[in-house]
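K.L.:
Dropping the structure in here first, questions after.
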Amino acid sequence: GENVEQHPSTLSVQEGDSAVIKCTYSDSASNYFPWYKQELGKGPQLIIDIRSNVGEKKDQRIAVTLNKTAKHFSLHITETQPEDSAVYFCAASRSQTGANNLFFGTGTRLTVIP
Amino acid sequence: DTEVTQTPKHLVMGMTNKKSLKCEQHMGHRAMYWYKQKAKKPPELMFVYSYEKLSINESVPSRFSPECPNSSLLNLHLHALQPEDSALYLCASSHAGGRTGELFFGEGSRLTVL
């Protein structure tokens with residue numbers, strides 16, 4: 001099965017600085033790579049995703065890059081704000097029986113210091 | 001506000017009790033999921049229903065019994081649980097049909113087994 005590793009486990013940055021979280025995956029058949037943000041007491045929420053036919057995707061202050069050859073992908077958050085503080089999970093998936101089978105990384109607790 | 005509604009938000013039960021967790025979505029999604037999340041850990045997939053049929057069971061003990069009465073509802077029946085089953089149980093839904101896409105998570109049901 002798929003194995004997703006995520007680093008770092010905790011990350012503290014000053015408000016306005018950038019944050020980078022990295023993930024690697026093992027299954028070369030994985031073709032979908034979402035990033036989820038989980039705030040305290042809530043379920044995970046998708047913030048950005050990328051498919052295997054694309055190398056980079058950007059949405060305002062958030063960007064994701066994918067290197068299929070090396071089997072790694074990264075989340076970049078620029079101009080961080082206190083509300084970016086949360087746990088971030090990367091995930092990898094390949095379509096199976098018509099539904100997602102997401103394998104999550106171990107999570108990164110991001111703290112943005114005002 | 002999440003569009004996946006889970007009840008109850010909190011549940012305390014003894015090891016001999018029988019209880020159920022409920023999940024509802026009205027987004028027309030035909031894939032629904034149960035995940036288990038322990039503190040400071042990523043969500044772990046338990047079950048996937050695709051078009052109201054169980055398509056994935058990640059070797060979950062039989063004391064957890066899923067049920068999908070219709071395309072909008074997903075239940076998780078609990079019986080004879082162990083204290084180590086205490087966790088946040090997350091329900092999610094997505095479009096089905098072979099294309100990977102966003103999972104919409106509920107806020108979870110926090111279960112404590114005494």
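The values are calculated or read from the model by the stated rules, or taken from the named source; none is laboratory data. The structure presented is a predicted model; accordingly, all values stated were derived computationally and were not measured. Neighbour counts run over all protein chains shown; Cβ positions are idealised from the backbone, glycine included.
K.L.:
Among the residues in region A:91-114, are any modelled with pLDDT of 95 or more and aromatic (F, W, Y)?
P.N.:
No; the residues of region A:91-114 include none that is modelled with pLDDT of 95 or more and aromatic (F, W, Y).
K.L.:
I'd like the residue in region B:78-114 that is acidic (D, E) and free of Cβ contacts under 8 Å to residues at least 60 places away in the same chain and, out of all such residues, is nearest to the other protein chains (Cβ to nearest Cβ).
P.N.:
Ranking the candidates gives B:E102 first.
K.L.:
Within region B:67-77, does at least one residue satisfy the condition of being touching a residue at least 40 places away in the same chain (Cβ under 8 Å), at the interface with chain A (Cβ under 10 Å from one of its Cβ atoms) and either closer than 28 Å to A:R109 by Cβ or among the charged types (D, E, K, R) (or both)? Steps first, answer last, please.
P.N.:
Taking region B:67-77 first, the residues touching a residue at least 40 places away in the same chain (Cβ under 8 Å) are B:71-77.
Adding the requirement that they be at the interface with chain A (Cβ under 10 Å from one of its Cβ atoms) leaves none.
The answer is no; no qualifying residue exists.
K.L.:
From the list B:S50, B:S94, B:S72, which residue is at pLDDT below 95, over 22 Å from A:I47 (Cβ atoms) and either under 15 Å from the mean Cα position of the chain (by Cα) or surrounded by 15 or more Cβ atoms within 10 Å (Cβ to Cβ) (or both)? Reasoning before the result, please.
P.N.:
Working: B:S94 fails: over 22 Å from A:I47 (Cβ atoms); B:S72 fails: at pLDDT below 95.
Just a single option satisfies the conditions, and that option is B:S50.
K.L.:
Something else now. Out of region A:8-21, which residues are buried (at least 17 other Cβ atoms within 10 Å of the Cβ) and either closer than 15 Å to A:E79 by Cβ or not hydrophobic (A, V, I, L, M, F, W, C) (or both)?
P.N.:
A:V13, A:A19
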